[in-house]
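The values are calculated or read from the model by the stated rules, or taken from the named source; none is laboratory data. A quick note: this is a predicted structure, and the numbers were derived from the prediction, not measured. Quick reminder, even Gly has a Cβ in these numbers, built from the backbone with ideal geometry, and neighbours come from all protein chains shown.
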Amino acid sequence: MPRVLGYADPLSVAPGEAIRFMVGTLDGPRRYRAEVVRLISGDTGPEGPGLKAERLATPIEGEHEGTPQPIDAGSYAIVERPEAFGALERFTLQAFIQPTRVPVRPEPRRQVIMGTWAEDRGAGFALMLDEAGALAFLVGAALVSTGVPLTARRWYHVAAAVDLAAGTVTLRQTPLAEHAPSLEQPVAVTSSSVPPTGPSRPAGDRRRGTSTARSTARPSRDGRSPRRSSRPRRRRRAPPSPRRTRSASGTSPPTSPPTA
């Protein structure tokens, strides 16, 4: 018996209104038989009357040629001309999502939210959930993730601020507490591991995510770098009062106080 999958369009009609049935076969092109019945009883339980239906004469009764009609599960939208995104260097992607499978079982896999990623060419970009269910951004061979899995059936605002010229991306995943109050906190991660597509960075350019060497030594009061001394430190004493000395020409000015 061929396996078929179909639905009515619209789902419900009144007497005298038109209705269409969309049918596809799951095992390749096959013939199938269709008929319309009035369902009198659908109770097949042990104490129920059982399945009872009355056949109705309609134009669709009989055998028909069936062809496969693929149905992509879930809601999605397609934006034509993805090459329009190719020249972008700085852009932001954001969406409100409620993941239902975090992570995917039994074999965890990535779940794309939006993007232009082409798996066969390994090109484009994608905002997604990684194998663990955390928000991630993929561009080329670089994958940046928050590392914090989202909670299933909870609404989030997710975003990726991308700067391909600088080679940075900032990911944010924020649980919407007004929909499901929880103690879960927003997560924000900035990474500079994305290969820059713009001009090369000048020497000494300090950007977020790059490492620069910094000295922790503080200069002395006179502006010179501090030096370590091998001599033992002596306790500083209060300077004595100025002394006056006699000379042939009179009284000399006070001498500088000795230093410890």
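Within the set of pairs 6+ apart or on separate chains, which have a first residue in segment 139-159 that is within 14 Å of PRO186 (Cβ to Cβ), a second that is basic (Lys, Arg) and surrounded by 17 or more Cβ atoms within 10 Å (Cβ to Cβ), and C-beta atoms under 8 Å apart?
HIS157/ARG172; VAL158/ARG172; ALA159/ARG172
May I ask you to list the residues in segment 86-117 that are within 30 Å of ALA166 (Cα to Cα), part of a loop (DSSP other than H, G, I, E, B) and not polar (S, T, N, Q)? So that I can check it myself, show each step before the final result.
Initial filter on segment 86-117 (within 30 Å of ALA166 (Cα to Cα)): 86-97, 109-117.
Then drop every residue that is not part of a loop (DSSP other than H, G, I, E, B), which leaves 86-89, 109-110, 116-117.
Hits for segment 86-117 are GLY86, ALA87, LEU88, GLU89, ARG109, ARG110, TRP117.
Considering each residue of segment 72-85, count those that are in a loop (DSSP other than H, G, I, E, B) and surrounded by 10 or more Cβ atoms within 10 Å (Cβ to Cβ), and give that number.
Going through segment 72-85, the residues in a loop (DSSP other than H, G, I, E, B) turn out to be 72-81.
Then drop every residue that is not surrounded by 10 or more Cβ atoms within 10 Å (Cβ to Cβ), which leaves none.
Total satisfying the criteria: 0.
Being in the same structural domain as GLU107 (by TED's automatic domain parsing), of a type outside the set (Ser, Thr, Tyr), closer than 18 Å to GLY86 by Cβ and part of a strand (DSSP E or B) is true for just one of LEU143, LEU171, LEU127. Which residue is that?
Just a single option satisfies the conditions, and that option is LEU127.
Out of all the residues in segment 164-184, which are in contact with a Ser or Thr (Cβ under 9 Å, 6 or more places away or on another chain) and either surrounded by fewer than 13 Cβ atoms within 10 Å (Cβ to Cβ) or among the hydroxyl-bearing types (Ser, Thr, Tyr) (or both)?
Residues satisfying the conditions are THR168, THR170, SER182.
For ALA161, all conditions in the list (1) modelled with pLDDT of 80 or more; (2) surrounded by fewer than 18 Cβ atoms within 10 Å (Cβ to Cβ); (3) touching a Gly at 6+ places or on another chain (Cβ under 9 Å); (4) among the small types (Gly, Ala, Ser) hold save one; what is the number of the exception?
It fails just one condition, (3).
Does segment 74-103 hold any residues that are under 18 Å from ARG154 (Cβ atoms) and in contact (Cβ under 8 Å) with a residue 24 or more places away in the chain, and which are they?
Passing the criteria: GLN94, ALA95, PHE96, ILE97, GLN98, PRO99, THR100, ARG101, VAL102, PRO103.
Got a sec? Which of ASP72, ASP9 is under 30 Å from TRP117 (Cβ atoms) and not hydroxyl-bearing (Ser, Thr, Tyr)?
The match here is ASP72.
Going through GLY28, GLY48 one at a time, which residue ends up being more than 20 Å from ILE71 (Cβ to Cβ), not in a strand (DSSP E or B) and not basic (Lys, Arg)?
GLY48
Residue under question is ALA118, and the condition is that it be modelled with pLDDT under 90 and under 30 Å from THR151 (Cα atoms); does it hold?
Criteria met by ALA118.
Any chance segment 188-205 includes a residue that's modelled with pLDDT under 85, crowded, with 16+ Cβ neighbours inside 10 Å, part of a loop (DSSP other than H, G, I, E, B) and more than 18 Å from the chain's Cα centre (by Cα)?
yes
Tell me whether segment 177-187 contains one or more residues that are touching a residue at least 12 places away in the same chain (Cβ under 8 Å), assigned by TED's automatic domain parsing to the domain that holds ARG105 and assigned to a strand (DSSP E or B).
Looking through segment 177-187, at least one residue is touching a residue at least 12 places away in the same chain (Cβ under 8 Å), assigned by TED's automatic domain parsing to the domain that holds ARG105 and assigned to a strand (DSSP E or B).
Every residue, every condition in (1) polar (S, T, N, Q); (2) surrounded by 18 or more Cβ atoms within 10 Å (Cβ to Cβ), yes or no:
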{"site": "PHE96", "(1), (2)": "no, no"}
{"site": "PRO106", "(1), (2)": "no, no"}
{"site": "GLN111", "(1), (2)": "yes, yes"}
{"site": "ASP120", "(1), (2)": "no, no"}
{"site": "PHE125", "(1), (2)": "no, yes"}
